[in-house]
Amino acid sequence: MSAGATVVLVAAGGLAGALGTAGGITSLVSYPALLAVGLPARAASVANIVALVACWPGSALASRPELAGRGAWLRRWCSVSALGGGVGALALLLTPPSAFESVVPYLVAAASLLLVAQPRLSSLIERQAGYEAAIFLVGLFSISVYNGYFGAGAGIMTLAAVLVLVEPDVVTANALKNVLVGAATVASAAIFVVFADVEWASAVPLAAGMLLGSTLGPRLARRVPARILRSVVALIGLGLAVSLWVQG
């Protein structure tokens, strides 16, 4: 890989890590960057997910205030995320990509609209208490399967689920989202490292940029008003949905 392509991937990784850990749109930047330097679609997806592992430690360290006291909750739900991520990775290796990718734009668009409606939905769910855990279990596992399979928009979907069903504060929900997405990513990346051909020349510089950027995202999220952060992420998510629909 040329020096220019390496610089592009490091820069894209930094931007993707910052944006993704601030809201959930990492692959909106990183996946097209991999395509731009010449990787085929499936190889780019594998390299992207492997590189995304670098976002986990940086975002967790930067979100320590929001994650304080959440250890037991995270251990329980990270296991669900990891299981879903592993299933998704196996699905990518064993099935044609077109089978799942056709519904991706609609999933991303739905999650983006959920972010906009989150305050009202959270209020409604509070009046219908009793099913939050079951709904969150099904939703988180399904999103994590998608995360391991393709991943673009998985952060937005996870953030929407956490906001609506678990934590109404957007900054805390974002911190929890980062850890949950990280668990699914680590599980799927481990499977790709063992069973797939990873384009390490692309994945490593992308990961280096993501590691740096992911330490900035949670700090950015703290400084942006919740309503603005929710709206911006939702608008970008809708843009991603349209982009994926056009590409598909």
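In the list 175, 134, 184, 160, which residue meets the criterion of being without any contact (Cβ under 8 Å) to a residue 24 or more places away in the chain and part of a helix (DSSP H, G or I)?
Values: 175 fails: without any contact (Cβ under 8 Å) to a residue 24 or more places away in the chain; 184 fails: without any contact (Cβ under 8 Å) to a residue 24 or more places away in the chain; 160 fails: without any contact (Cβ under 8 Å) to a residue 24 or more places away in the chain.
On inspection, the qualifying residue turns out to be 134.
Just a yes or no: is a residue in the range 171-191 modelled with pLDDT under 95, surrounded by fewer than 24 Cβ atoms within 10 Å (Cβ to Cβ), in contact with a Lys or Arg (Cβ under 6 Å, 6 or more places away or on another chain) and not basic (Lys, Arg)? Looking for residues that are modelled with pLDDT under 95, surrounded by fewer than 24 Cβ atoms within 10 Å (Cβ to Cβ), in contact with a Lys or Arg (Cβ under 6 Å, 6 or more places away or on another chain) and not basic (Lys, Arg), one finds at least one in the range 171-191, hence yes.
Counting residues that are in contact (Cβ under 8 Å) with a residue 40 or more places away in the chain, hydroxyl-bearing (Ser, Thr, Tyr) and in contact with a Cys (Cβ under 9 Å, 6 or more places away or on another chain), which helices (runs of 4 or more DSSP H) fully inside the range 1-83 reach at least 1?
Values: elements: 3-22, 26-36, 41-52, 55-62, 64-67.
In the range 1-83, the matching helices (runs of 4 or more DSSP H) lie at 3-22, 26-36.
Quick check on the range 175-194. Is at least one of its residues over 20 Å from residue 17 (Cβ atoms) and among the aromatic types (Phe, Trp, Tyr)? Looking through the range 175-194, none of the residues is over 20 Å from residue 17 (Cβ atoms) and among the aromatic types (Phe, Trp, Tyr). Selection of the range 210-228 for residues being more than 16 Å from the chain's Cα centre (by Cα), assigned to a helix (DSSP H, G or I) and touching a residue at least 40 places away in the same chain (Cβ under 8 Å) yields 212, 219, 220, 222, 226. Taking the numbered list (1) within 18 Å of residue 154 (Cβ to Cβ); (2) modelled with pLDDT of 75 or more in turn, residue 208 passes all entries but (1).
Please tell me if residue 236 is assigned to a helix (DSSP H, G or I), modelled with pLDDT under 95 and either of a type in the set (D, E, K, R) or closer than 18 Å to residue 31 by Cβ (or both).
yes
When restricted to residues that are surrounded by fewer than 17 Cβ atoms within 10 Å (Cβ to Cβ) and among the aromatic types (Phe, Trp, Tyr), the range 50-80 contains 1.
The values are calculated or read from the model by the stated rules, or taken from the named source; none is laboratory data. Worth saying up front: this structure is predicted, and the values here are computed from it rather than measured. Cβ: placed from backbone, ideal geometry, glycine included. Neighbour counts: every protein chain shown.
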